[in-house]
1. Taking residue 42, is it in contact (Cβ under 8 Å) with a residue 40 or more places away in the chain, within 16 Å of the chain's Cα centre (by Cα) and assigned by TED's automatic domain parsing to the domain that holds residue 257?
2. Of 45, 72, which residue is part of a helix (DSSP H, G or I) and more than 20 Å from residue 289 (Cβ to Cβ)?
3. Does region 162-187 hold any residues that are within 21 Å of the chain's Cα centre (by Cα) and part of a helix (DSSP H, G or I), and which are they?
4. Could we say that residue 8 is part of a helix (DSSP H, G or I), at pLDDT 90 or above and surrounded by fewer than 19 Cβ atoms within 10 Å (Cβ to Cβ) here?
5. Kindly evaluate residue 295 against the criterion of being part of a helix (DSSP H, G or I), in contact with a strand residue (DSSP E or B) (Cβ under 9 Å, 6 or more places away or on another chain) and under 26 Å from residue 161 (Cβ atoms).
6. Can you find a residue that is outside the structural domain of residue 284 (by TED's automatic domain parsing), buried (at least 19 other Cβ atoms within 10 Å of the Cβ), in contact with a helix residue (DSSP H, G or I) (Cβ under 8 Å, 6 or more places away or on another chain) and farther than 25 Å from residue 72 by Cβ anywhere in region 171-185?
7. Hey, can you tell me all the residues within region 264-275 that are in contact (Cβ under 8 Å) with a residue 60 or more places away in the chain, assigned to a helix (DSSP H, G or I) and farther than 17 Å from residue 32 by Cα?
8. Return only the number of the condition from (1) over 21 Å from residue 65 (Cα atoms); (2) modelled with pLDDT under 95 that residue 301 does not satisfy.
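The values are calculated or read from the model by the stated rules, or taken from the named source; none is laboratory data. Just so it is clear, the model here is predicted, and its values are computed rather than measured. So basically every Cβ, Gly included, is an ideal-geometry build from the backbone, and we count neighbours across all protein chains shown.
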C-alpha cells in the first residue's frame, strides 16, 4: 500500500507539473489587468503604464492599467484579491501593504494573497529640511532637536515613511512634534516655507521645492546612493541606519499562481525593462531595478522584518 500510495502521489505531482507548464505556455489567453493603489501620474502609475505598453507588444494581448487609490492601499488590494485571477496583477509599492499588519488589527486579506512576481523599480526616498535652516546634516538636526526639545516639528503622513521616521526619533532620543497631513505635497510646501522643520518622503514630492532652492536634502533612505543625487549620502553613510527604507515597487500575482508562470512573467518584465523606461523613471525619482520572484520576495521579507522591529520599538498599536 505504501508503494502504491507513493506512486499515486508521484502521478499527481507529474499531472500538476504538466498542468502548470500548459498554463504557462498558453498565458496570457486574454487581456491582462494591472491594479495600481495610487492615482494617475504617480510614480507607480507611470512605471505601470510604460511597462504595460512593452508587455502588451510582447504578449500580443492588451495590458490595462486600473487605478484604485484610497484607504492606505486596501481598496486596490481588495479588488486584486477578490478578482482571484492570474490575468489580474497588482502593480504596487510594497510599502503600501507591509505596514498593514501594524496599522490594522483585522485585514480583508492575508499576506499569502500577494505573491511577489517581479521587482520593477525603487522609489527614491529622502529627508529634507528648509534651505533657510542652519541644518546641513542629519547630525545637525539631531543636535538642534536635543538642544530644543519639543520645539521642532515634522510632517507626518501615515504609512511606512512615518513609521520609519518615528523609529529614528525614538532611537535618537529626540522630542519632535508631529504635524499630520493628508496632502503630502502641501507638507513639502510648508517645509520649503520653513513652517515645518523636517520631512521624509519620496524625492519626487520634495524635488520641486529642492530644485527651487527652498528645501535642502540631507540623506536618501535607500541602501545605495541615488543616481540622480550622487552627492547625497545614504542614511547609513550619514550614521543613522534607523532611517533606512527601500522604496520597492513591483508586480504581484494572486494566491495559487503557478511558480512557472511567475518566473515567465518576471523574465518578460526584465526583458521589457529597457533604457527608455529607466530614463523616464529617473525623471520621476525612481531607479529601474528589475528582479525575479526570489529576489523580490527576499526584499519584501527584509522590509517586513524591519517593520516589525520598528513597530515594537515605537509601541505601535494596530487600529481595531
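1. Details: in contact (Cβ under 8 Å) with a residue 40 or more places away in the chain: no; within 16 Å of the chain's Cα centre (by Cα): yes; assigned by TED's automatic domain parsing to the domain that holds residue 257: yes.
No; evaluated as a whole, the condition is false for this residue.
2. Working: 45 fails: more than 20 Å from residue 289 (Cβ to Cβ).
One residue alone meets the criteria, 72.
3. 162, 163, 164, 165, 166, 167, 168, 184, 185, 187
4. Working: part of a helix (DSSP H, G or I): yes; at pLDDT 90 or above: no; surrounded by fewer than 19 Cβ atoms within 10 Å (Cβ to Cβ): yes.
No: the conditions fail for residue 8.
5. On the way: part of a helix (DSSP H, G or I): yes; in contact with a strand residue (DSSP E or B) (Cβ under 9 Å, 6 or more places away or on another chain): yes; under 26 Å from residue 161 (Cβ atoms): yes.
In short, yes.
6. no
7. From region 264-275, those in contact (Cβ under 8 Å) with a residue 60 or more places away in the chain are 264-266, 268-274; that's our starting set.
Imposing the further condition that a residue be assigned to a helix (DSSP H, G or I) reduces the set to 264-266, 268-272.
270, 271, listed by residue number.
8. (2)
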